[in-house]
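S.K.: A single structure is presented below for examination.
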Amino acid sequence: MCSDRLSMRGMTKKYGQVTVLENVSFNVIAGETHALIGENGAGKSTLLNLLSGVREATAGEIYIDGQKVSIHSPRAAKESGIAMIHQELQNIPELSVFQNMFLGRSVRKHFGLFVDKAKERAMALDILKDLDPSIDPNVPIKELKVAQQQIVEIARALLDNAKIIAMDEPTSSLTPSEFERLAALIKQLTAQGVSIIYVSHKMDEIFKVCDRATILRDGHFIDCVNIADENEESIVTKMVGRKVEKLSHQSYATDEKMLEVKNLSRESAVKNINFFANKGEVVGIAGLVGAGRTELFRLIAGLDKPTSGEILINGQPLKLNSVKESIKMGIGLVPEDRKKEGILKDRSVSINIAMPSMDRFSQAGFLRKDYLNAISHQLMMDLNLKPLDLDKTVGTFSGGNQQKVIIGRWLAAGTKIYLFDEPTRGIDIGTKSEIYNLIENLAKAGNVVLVVSSEMPEIIRVSDRVLVMKEGEIKAELHGSDINEDNIGRYSIGNNKTH
């Protein structure tokens, strides 16, 4: 008979008169992997904040192994056997692996006056040998891959004898092979009786690693389902409250060359890159993390200086290493890290939209606010911004809506060449569909769209042609039926080159 490791009953959270979570119940069985899914704003983060003690519930009760617990702080959550592994890993880069594992929980000797580093190191080694014996507890954590840093976070949780581990978007920075390692580790943990709460927008992962799923929408409980009884369409319909159409890819590519990259290099990151993109074409750029995809985008956008090569826009050479020149020539970058590089989080929607084209919205040195608001309002209506509030600071919007503001910025600037770097990372299913439709509409309007994505289904869905990069080089150019996961994966890790 299965027993509830965790039971959250009637969970409600209000901020003043605003209810963000209402009467939600959620239970997790011992030794299962339970997905918590919903669109951004559905209440997933709020529920986990209540579980981890970051926020206190307005109403509701929490039970661990049948015993009612009071979780009013992160310390109380830890003492109840609950651990959170955040999307943005919580570590200090300069400290060693074992020092990070024992942050805030030092092992003491000699009446508590000194840290017993030898014992900490031995305890860390003992746990890591079961999770990933290749991790040296003595090296600075910054030298580890992201996937290994994540394993260290899991090891830290196990040090506290965590019975419930919540993983928030755990694979946002992982390669496919690293995800497979994480999936195996999750299976190992659940076999030992640990319960995993898995939050992800990637449906293929949920179907691979999860036993059940609780679906939230607009702060309410919608359903709890057995994964084996569902398919992606049925779950997505429950998430968004409507059927999300899966559109087949349609090409609007012409024979008119708009962008040409010749012999472009930057030290070891980008090596002798040659490719072109035609008007109306969507070119996907695939490859593993570290393949040089983002570095290539930074060169085209003028953020970095190449060591050699040239870029032509409609046959005209682009002045390299100049963001202003790239914008003037119609190039717009939607960066991978939208929070750090894409938005001014404390400024309004309209100001964020005006950033690259301030001249258009200014006269005699003064901002034409009415004109800016009129343009911004129309763009945000077209992009379905929620809420449609131009004065609201962008940092308070969901990731998907922040992405819409960045895209609106380039639409306002009259951009012709769009560089999308991981355009749907951390974005919910419904908004993903909107982004895909937008990419297609940009191509239909005669723009060039380049898309970097680590999600192979995404690359396949949006691309007319796919360039596969490895170690700073283009290893393959795929067309038509050759654009599939087998080929993309093979050239991402292999040494063959084809056109």
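The values are calculated or read from the model by the stated rules, or taken from the named source; none is laboratory data. Note that this is a predicted model, so its numbers are computed, not measured. Counting neighbours? That spans all protein chains shown, and the Cβs are built from the backbone with ideal geometry, glycine included.
S.K.: Among the numbered criteria (1) under 28 Å from V462 (Cα atoms); (2) surrounded by fewer than 19 Cβ atoms within 10 Å (Cβ to Cβ); (3) in contact (Cβ under 8 Å) with a residue 40 or more places away in the chain; (4) not charged (D, E, K, R), which single criterion is violated by L344?
M.R.: Single failed check for L344: (1).
S.K.: Cβ-Cβ under 7 Å, sequence separation 6+ or interchain: first residue in the stretch 174-192 and assigned to a helix (DSSP H, G or I), partner acidic (D, E). Which pairs?
M.R.: Listed pairs, sorted by first residue: F179/E205; T190/E32.
S.K.: To continue, here is another question. Given the structure, is V270 touching a helix residue (DSSP H, G or I) at 6+ places or on another chain (Cβ under 7 Å), among the hydrophobic types (A, V, I, L, M, F, W, C) and farther than 20 Å from V448 by Cα? Spell out how you get there, then give the answer.
M.R.: Working: touching a helix residue (DSSP H, G or I) at 6+ places or on another chain (Cβ under 7 Å): yes; among the hydrophobic types (A, V, I, L, M, F, W, C): yes; farther than 20 Å from V448 by Cα: yes.
Considered against the rule, which asks whether it is touching a helix residue (DSSP H, G or I) at 6+ places or on another chain (Cβ under 7 Å), among the hydrophobic types (A, V, I, L, M, F, W, C) and farther than 20 Å from V448 by Cα, V270 comes out as yes.
S.K.: Please determine, by comparing only the residues of the stretch 329-348 that are part of a loop (DSSP other than H, G, I, E, B) and farther than 15 Å from L303 by Cβ, which one is nearest to the chain's Cα centre (by Cα).
M.R.: Initially, the stretch 329-348 is screened for residues part of a loop (DSSP other than H, G, I, E, B), giving 329-330, 335-337, 343-347.
Now drop any that are not farther than 15 Å from L303 by Cβ, which leaves 330, 343-347.
Numbers: G330: 27, I343: 16, L344: 19, K345: 17, D346: 21, R347: 22 Å.
Among those residues, the one meeting the criterion is I343.
S.K.: Name the residues in the stretch 53-77 that are more than 15 Å from R5 (Cα to Cα) and either of a type in the set (S, T, N, Q) or part of a loop (DSSP other than H, G, I, E, B) (or both), would you?
M.R.: First, pick out the residues of the stretch 53-77 that are more than 15 Å from R5 (Cα to Cα): 53-60, 70-76.
The answer is G53, V54, R55, E56, A57, T58, S70, I71, H72, S73.
S.K.: Looking at G332, G309, which is the one that is touching a helix residue (DSSP H, G or I) at 6+ places or on another chain (Cβ under 9 Å), within 21 Å of L438 (Cα to Cα) and at pLDDT 90 or above? Even if it seems obvious, please write down each step before you answer.
M.R.: Details: G309 fails: within 21 Å of L438 (Cα to Cα).
None of the others qualify; the one that does is G332.
S.K.: Name every residue in the stretch 35-64 that is modelled with pLDDT of 95 or more, of a type outside the set (A, V, I, L, M, F, W, C) and either loosely packed, with under 15 Cβ neighbours inside 10 Å or touching a Phe, Trp or Tyr at 6+ places or on another chain (Cβ under 7 Å) (or both), in order of residue number.
M.R.: E61
S.K.: What are the residue pairs meeting all of these: first residue in the stretch 381-404, first residue more than 19 Å from N437 (Cβ to Cβ), second residue of a type in the set (S, T, Y), Cβ atoms under 8 Å, and 6 or more apart or on different chains?
M.R.: Hits for this filter: L390/S348; L390/S350; L390/S376; D391/S348; D391/S350; K392/S348; T393/S348; V394/S348.
S.K.: Please find, within the stretch 450-462, the residue that is surrounded by the fewest Cβ atoms within 10 Å (Cβ to Cβ) out of those that are under 18 Å from E434 (Cβ atoms) and touching a His at 6+ places or on another chain (Cβ under 9 Å).
M.R.: The selected residue is R461.
S.K.: Also, quick follow-up: Any residue in the stretch 349-364 that's in a loop (DSSP other than H, G, I, E, B): show its pairings with residues that are crowded, with 20+ Cβ neighbours inside 10 Å at Cβ separation under 6 Å, as long as the two are six or more apart or on different chains.
M.R.: F361/A354; F361/L372
S.K.: When residues of the stretch 438-455 are filtered for being under 23 Å from V240 (Cα atoms) and either charged (D, E, K, R) or at pLDDT below 90 (or both), how many remain?
M.R.: Initial filter on the stretch 438-455 (under 23 Å from V240 (Cα atoms)): 438-441, 455.
Next cut, either charged (D, E, K, R) or at pLDDT below 90 (or both) only: 440, 455.
Of the residues in that region, 2 qualify.
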